[in-house]
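Colleague: Quick one: the structure is below, questions incoming.
The values are calculated or read from the model by the stated rules, or taken from the named source; none is laboratory data. Just so it is clear, the model here is predicted, and its values are computed rather than measured. We place every Cβ from the backbone using ideal geometry, glycine too, and count neighbours over all the protein chains shown.
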Amino acid sequence: TRAIEASTAGLKIDPKIAELYNIRGNNYMAQGNYQKAVADYVAAGKLDPGYSAGLYGRSFFGRTEEWNKAIASFSAAVARSPRSAAAYFNRAVIYADMSVWDKAIADYSQAIRLDPKLANAYYLRGVAQFQMATDFDVRSYKNKMTDAKRRSVFYRATADYGTAIRLDPKFASAYYQRAVALEELTKDAAVRDYSTFIQLNPAYSGHAHYKRGEIYQGRKEWDKVIADFKAYRQLPRPISTKSMVYYMDSSAPHRIADAYMEKGDISRGIAMYDEAMNVPGEGRYSNLRDRGLAYVLKGDIPKAMADLNAAVLLRPNYADAYTSRAKAYRKLGQVERAGLDEQMAAVLSPKK
C-alpha cells in the first residue's frame, strides 16, 4: 500500500522515527502480514518506549478482529514449530497489545526458554509484568493485586529489564521502563536509569526529563527541576504518548514557576506562571491561585486580588481558593473579609 511505501521511504532517510515503524506495522497488520507487523511494532518500541507492546493501546484502534486473526496465525505457527522462540514471541506481542497479560507473559517466558539471549523478550516480559501489576479493575477502581504481590512483580520486571540491558547495553527503552518500575522501589536508581536513557536516546528523552524532574521536585533540588522541565518543553513530544502530553505540557511551566518561587526568585516565578496561563490544559485555576500568591509575596496586592478573585470564581467549592485570597485580604488590612474567607474554607474543608 501507499502507506507502507511511504513509511519505508521515510525510514530509509531516517531509520530512527518510531512513528513510521508503528504506521507501517499497522498497515502490515491490516494486510495480514503479521510477522512484519510485529517486527515493526518491536522496532518502534525500542526507539520510543511508549510504543512498546501493551503500552500504546493499538488494540483500541478498531483492530480487535485483526488481532484475533494474528493470534490464530501465530498459534498455528507454534503448533507447526513448537521449538520456535519467534513464534511464541510474536504471539506474546499480540497478547500484550490486547492487554492479555498472563498469556503474554507465558509466551515471552517460553520464548526465553527456547532462546535465552532474546533481549526483546526479557524487555517486553518486564513491560507486561509491570502493566499487569498496575492494571486496574474498572469496576472497583482497585488494583487486583495486594501491595506485597505488586512489589514482587515490580522486582521481577526490573530483573527482566536488567537482563535485557545485560544482553544489549544500549537498549535505551529498557533503561526507561526500568526507571518507571524503580520509581515504585528506589528513586535513586530510577534517576540513574532516566539519565542513561536521556544519554542513549536524546531524541525521545522528553518524558524522561519530565519524570526525572518530578523526582527532583520531591527532593527539592530546584535547579535540576528547572533544567529538566525546560528540557522537556524544548523537545518534540512523542506521538505514542499523546494522551499524557496534554497534561504534561500544561503542568511543566507551572512546575518551573514553583521551583523559581522555592528559590526565592519571585519575578521569574511570576513570568513562568504567565507562560503557564497561555498553555492549554486543566491548570488555569492553580496558575491563577499560585500567581496570585506570588503577587502577594511581591507586594503587588491589586494584581494578587485580581488573580485570587478569578480563582474563587473558577473553583468556588475549593477551600484553598479562599485561604489563598484571605492572605491577600490580610495584606490589605481587610481583616474582616479575610476572616470570612477563612470561615468559608473551614466549611468547605472541615477538620476531622
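Colleague: What are the residues in region 143-172 that are in a loop (DSSP other than H, G, I, E, B) and at pLDDT below 95, if any?
Modeller: Lys144, Met145, Thr146
Colleague: Could you list, in sequence order, the residues of region 185-232 that are of a type in the set (Ser, Thr, Tyr) and at pLDDT 95 or above?
Modeller: Tyr194, Ser195, Thr196, Tyr216
Colleague: So which pairs qualify, if the first residue must be in region 50-71 and in a helix (DSSP H, G or I), the second must be modelled with pLDDT under 80 and polar (S, T, N, Q), the Cβ gap must be under 7 Å, and the two must be at least 6 apart or on different chains?
Modeller: As it stands, the answer is Gly50/Ser240; Gly50/Thr241; Tyr51/Ser240; Trp67/Ser59, since those pairs meet every condition given.
Colleague: Taking region 1-53 as the search range and keeping residues that are of a type in the set (S, T, N, Q) and within 19 Å of Met98 (Cα to Cα), which one is nearest to the chain's Cα centre (by Cα)?
Modeller: Among those that are of a type in the set (S, T, N, Q) and within 19 Å of Met98 (Cα to Cα), it is Ser52.
Colleague: Working only within region 87-140, note down all residues that are of a type in the set (D, E, K, R) and either part of a helix (DSSP H, G or I) or modelled with pLDDT of 95 or more (or both). First the steps, then the outcome.
Modeller: Of the residues in region 87-140, the ones of a type in the set (D, E, K, R) are 91, 97, 102-103, 107, 113, 115, 117, 125, 135, 137, 139.
Within region 87-140, Arg91, Asp97, Asp102, Lys103, Asp107, Arg113, Asp115, Lys117, Arg125 meet the criteria.
Colleague: Here's another thing I want to ask about it. Would you be able to say whether some residue in region 316-329 is of a type outside the set (Val, Ile, Thr), out of contact with any Leu (no Cβ under 8 Å at 6 or more places or on another chain) and more than 14 Å from Arg289 (Cβ to Cβ)? Outline the logic, then answer.
Modeller: Restricting attention to region 316-329, the residues satisfying the condition of being of a type outside the set (Val, Ile, Thr) are 316-322, 324-329.
Filter again for out of contact with any Leu (no Cβ under 8 Å at 6 or more places or on another chain), leaving 316, 320, 326, 329.
With the extra rule that they be more than 14 Å from Arg289 (Cβ to Cβ), the set shrinks to 329.
Among the residues of region 316-329, at least one is of a type outside the set (Val, Ile, Thr), out of contact with any Leu (no Cβ under 8 Å at 6 or more places or on another chain) and more than 14 Å from Arg289 (Cβ to Cβ), which makes the answer yes.
Colleague: Of all residues being among the basic types (Lys, Arg) and within 40 Å of the chain's Cα centre (by Cα) in region 321-337, which is nearest to Tyr285 (Cα to Cα)? Just the residue, please.
Modeller: Checked region 321-337; the qualifying residue nearest to Tyr285 (Cα to Cα) is Arg325.
The rows are residues; the columns are (1) within 19 Å of the chain's Cα centre (by Cα); (2) over 28 Å from Tyr260 (Cα atoms); (3) of a type in the set (D, E, K, R).
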residue	(1), (2), (3)
Ser152	no, yes, no
Arg166	no, yes, yes
Phe197	yes, no, no
Tyr210	yes, no, no
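Colleague: Still on this structure, please answer the following. Here is a list: Arg156, Arg150, Arg178, Arg212. Which entry is in contact with a strand residue (DSSP E or B) (Cβ under 9 Å, 6 or more places away or on another chain) and surrounded by 15 or more Cβ atoms within 10 Å (Cβ to Cβ)?
Modeller: Testing whether each residue is in contact with a strand residue (DSSP E or B) (Cβ under 9 Å, 6 or more places away or on another chain) and surrounded by 15 or more Cβ atoms within 10 Å (Cβ to Cβ) leaves just Arg150.
Colleague: I'm trying to understand the selection: among the residues of region 1-15, which are assigned to a loop (DSSP other than H, G, I, E, B) and either touching a helix residue (DSSP H, G or I) at 6+ places or on another chain (Cβ under 6 Å) or modelled with pLDDT of 95 or more (or both)?
Modeller: Matches in region 1-15: Thr1 only.
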